[in-house]
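Worksheet: one structure, shown below.
Every number here is computed from the coordinates shown, using simple stated rules; none is lab data. In this text the structure is predicted, and so the values were computed from the model without any measurement. A quick note on method: Cβ atoms are made from the backbone with ideal geometry, for glycine too, and the neighbour counts reach across all protein chains shown.
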Amino acid sequence: MAAFALAASLTPGPVNIVALSAGLNHGVRQSLGHITGATIGFTLLLVLVGLGLQSLFEQVPLAGVVLRWGGVAFLLYMAAMLAMSKAHDAHAEPAAAPSFWQGALMQWLNPKAWVASAAAVSAYTRDGTGIAVLAIIFFILCYASISVWAVMGGWLGARLTQAHHLRRLNRIMAALLVASAAAMALMSLGDTAGALPPSDV
């Protein structure tokens, strides 16, 4: 259970890319809002999926479509903010660090989070039992994993003293978010039923 939670939380994805960029542009301390929001958002999603939330999307396929396209729009928005970031530029007003609510919302709009939640609930709980233990393990490892990405960003930010190097790295991370949004859009277009991805993806 812990190994699954670590793999699901530590591997690259939109939430971790934003954590990396937050650490890079704002430092680890200013990234704590995003880290905490993303962790609580995912844990809440996991618990609700364990209580049967995913069945809603089987009964109302349009809800899955709306969720996915909302995720595409949100990722593109975050990518635009990152691409236009002017951190370390003395003549520009620095952009705000990603907030608690942005971190939480990103998890709910992230197909990776839904797939991980559904797979974990399916594999490690039975008839609703075990969800509390699963949620505690995911909370701890999710917080630690996202923090690792923010710390890596902070480490890079302390060493990238020239603004043009920072802008280049920000644009690379923005491009990764755009790629995530494009993959999500293709997934939505290819899913004629509009349901969320199955747990065995």
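Assorted remarks:
- Which of H34, H26 has the fewest Cβ neighbours within 10 Å, and the rest in rising order: H26, H34
- Whole-number percent relative contact order across region 2-190, with pairs defined as alpha carbons under 8 Å at least 6 apart: 46 percent
- Highest average packing first - 6-15, 103-112, Cβ atoms within 10 Å: 103-112, 6-15
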